[in-house]
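Written below as structure tokens is the structure these notes are about.
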Amino acid sequence: MQVKSLIIPDTEFSFEFVRSPGAGGQNVNKVNSKAVLHWSLINSSSLPEAVRQRFIARWPKRITVTGDIVLTSSRFRDQLRNKEDVLEKLAEMLLEVLTPPKLRKKTKPSRGAKERRLNEKKIRSETKSRRQRVDY
């Protein structure tokens with residue numbers, strides 16, 4: 001599988017096909033069309049360490065205790081399309097964590113913004129002070 005500049009050999013993936021859940025009549029009761037992908041994220045040599053850490057941070061609940069990621073697909077009625085679909089899901093997940101997030105540059109509010117804020121506070125304060133009871 002290839003995602004942008006990342007290439008993961010197919011030997012790292014293991015697929016399992018099981019019966020799909022839900023309604024579907026005789027076909028769903030006889031055919032194992034649901035695709036289950038198992039990929040050892042921790043032991044993958046083709047994944048850079050930074051990407052691995054971002055993946056673990058982004059989807060901690062998708063990773064098993066042994067460090068595997070398990071994805072399923074039962075959208076289609078045949079194994080091949082479900083297998084392709086589960087690989088597309090993994091590719092989308094990897095694309096999301098492939099590029100590192102941009103670091104935030106600290107900025108200060110401009111002088112005009114500070115003055116506007118203080119002016120708005122002053123106006124609001126005057127409005128509230130006019131609502132109070134007056135002592136004669």
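Here are the numbers:
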read-out: Residue list for segment 21-44, restricted to those being touching a Lys or Arg at 6+ places or on another chain (Cβ under 6 Å) and within 15 Å of LEU71 (Cβ to Cβ); value: ALA35
read-out: Only one of ARG117, ARG104, ARG75, ARG124 that is more than 24 Å from the chain's Cα centre (by Cα) and either at pLDDT below 90 or surrounded by fewer than 11 Cβ atoms within 10 Å (Cβ to Cβ) (or both); value: ARG124
read-out: Segment 25-62, subset of a type in the set (D, E, K, R) and surrounded by 14 or more Cβ atoms within 10 Å (Cβ to Cβ), residue nearest to SER5 (Cα to Cα); value: ARG52
read-out: Residue list for segment 31-62, filter: part of a loop (DSSP other than H, G, I, E, B) and not polar (S, T, N, Q); value: VAL31, LEU41, ILE42, LEU47, PRO48, TRP59
read-out: Residues being in contact (Cβ under 8 Å) with a residue 12 or more places away in the chain and assigned to a helix (DSSP H, G or I) - total across segment 63-98; value: 15
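The values are calculated or read from the model by the stated rules, or taken from the named source; none is laboratory data. On a predicted model such as this, the values are computed, not experimentally measured, just so you know. Virtual Cβ from ideal backbone geometry, glycine too; neighbours counted across all protein chains shown.
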